[in-house]
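Single-structure report; data block below.
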Amino acid sequence: MDIQHSTGPMSMDVLGLINSSRMTYGLRHEDYQRYREYCTNRIHRLRQILKLTQANNKKVNVQKSLPQEINDVRYLHLYVYESERAWSFAMELKQESANSMDTRQRHHVVKRLKKASQYAQQLYTLCENQTVEIRTVLDAKAYATLMKGYLLLEQQNWQEALYKLVESRTIYEKFAQMNSNAEQEALCYSAIDKIDPNIRFCLYKIGKNNSIEQIAEEYQSKELEAQISAMGQNKKETVQKSMNWRDKQFTIKSEPLVNAIDKKDWVEAEKLIKKALKEDKEATAKITSSKSAKATEDLNNIFTFVEYSLFATNIQRNLELVKNVEKPQQAVKLYDDILKNTEHIWGLPNVRDDISFDNELTCRCVQVALSYINLKKTLESLAIYDRAQIYIVQAKQALAQTKSFSQDSLLKINEDDLSTLENTVRTGIWKSRAAWFLENGQDEEKMTEDMSQLNLNADALITNLDAYPNAINSNHLVDFPPKFEPVACKPFYFDLAANFVKYPEQSLSDRSEKNTGSSGFWNIFGRK
């Protein structure tokens, strides 16, 4: 395979490369031997690709040196895997020594960690001397200081180990604050979670009770601050926005999302927040940290805020359109959209108590009733008005239970609105009743005839299945409770006088006993 050359500065995500390799090849189950074997095979493959291999001659067995100028990132990968192989070997030996009485194991662990620290330091030196992005240089420095800190911990040099671990933690913390990518942020915070217990152990051994944040401020390095500030100058400043909504504080870290919210472009903001939630879900599935739950909670709060603003804006737009419609049918369609958006809002957390369907349902009922009046369906309009009155009562009860609306609420109602709506419903009821009397009061003879033909005691449908009815009353299909009907029954006196009745069979048996003659020899031994 040919060596790939790049024209610009080289870039490498050291932390991402290490985490991906560790989780894929054994360390998910703490199988250090498998990971060490993978690193060995990967080093051999990289040397073949970079043409750094040579025959194993008995006379000379010296590795080829690297070129003076390199523009292939795989040269940097070579040192990463060399350091990882030595570190995994040290962890494997340390794991075995926990169940062994051999004191020589600790010497080998220190030796392997020293090897890992040397390769990590060579990686950092190579990044400084070559054309590499400043972020990659700092990433390599954080890795090198971390390996040095592990070595000093094993050598029980607590003060120097504390300094190295704090330096590495500071770099990862700055990366986490500057990154807008959810996966990179989770990786940095996960690395910090692994470093913090070692820092606390060093503080315990030294005899200090300071917090980690105080120690990080105390051990700040001017050189490191200069490198981090240089990285901030080269990188475009990340626009962040802190918000407080519904007693929830959250920070928006995505610049396009901040711009969309400032412009109130809720459709674009919805697309961006859904994409951010998907990325966060994928990142959380790969790696978690102590800050993962907080980041996910912030994204969910932002999603709720954006969805609420989107649906509330649609509702306000439809309410303005309702004022200018000419036909009640058009208003009904708009109120249907309002109810759908209200239902979506009602399903969002933290806003359920601030909204009710009753007011919108009442307005929709009014428009439907007006539509029925225009179609000369007066009875239907009266039924709809009765339902509207029920919704008004429910809305008043909900308003009485609600102490106050949230300051951020876009949909608010008061008692004056409900009173006005109630007057509108009452006016509509009287108009519908007047229209019904005007429609049916012109021909009194026809109305009298229809009333005389009205059968109030009509039989149930189940009793006249053989006849085809002119109209079916759905409320009178069967009689309930059922009517009493006569049933054939045995007379009671048969049961009472049964013991005093002589049946013909008994008289016949008595006669047969009297007519029966004696038996026996010359009637001497016979029965009487």
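The values are calculated or read from the model by the stated rules, or taken from the named source; none is laboratory data. Because the structure is a prediction, the values reported are computed rather than measured. Please note: Cβ atoms are built from the backbone with ideal geometry, for glycine as well, and neighbour counts cover all protein chains shown. Side chains are part of the model used for accessible areas, which takes the heavy atoms of the whole protein and leaves out ligands, DNA and RNA. Shrake-Rupley method; radii C 1.70, N 1.55, O 1.52, S 1.80 Å.
List of remarks:
- Residue ranges of helices (runs of 4 or more DSSP H) in the range 221-311 with at least 3 members touching a Phe, Trp or Tyr at 6+ places or on another chain (Cβ under 6 Å): none
- Where THR145 falls short, out of the listed (1) β-branched (Val, Ile, Thr); (2) buried (at least 22 other Cβ atoms within 10 Å of the Cβ); (3) out of contact with any Ser or Thr (no Cβ under 7 Å at 6 or more places or on another chain): (3)
- From the list ALA269, ALA216, ALA283, the lone residue that is crowded, with 16+ Cβ neighbours inside 10 Å, within 16 Å of the chain's Cα centre (by Cα) and small (Gly, Ala, Ser) is ALA283.
- Of the candidates LYS278, LYS263, the single residue that is open to solvent by 30 Å² or more (accessible area, probe 1.4 Å) and under 28 Å from ASP139 (Cβ atoms) is LYS278.
- Qualifying residue in the range 191-200 (condition: among the hydrophobic types (A, V, I, L, M, F, W, C), buried (at least 23 other Cβ atoms within 10 Å of the Cβ) and touching a residue at least 60 places away in the same chain (Cβ under 8 Å)): yes
- Scan of the range 90-130 for residues that are among the polar types (S, T, N, Q) and open to solvent by 80 Å² or more (accessible area, probe 1.4 Å), ordered by number: GLN95, ASN99, THR103, GLN118, GLN121, GLN122, ASN129
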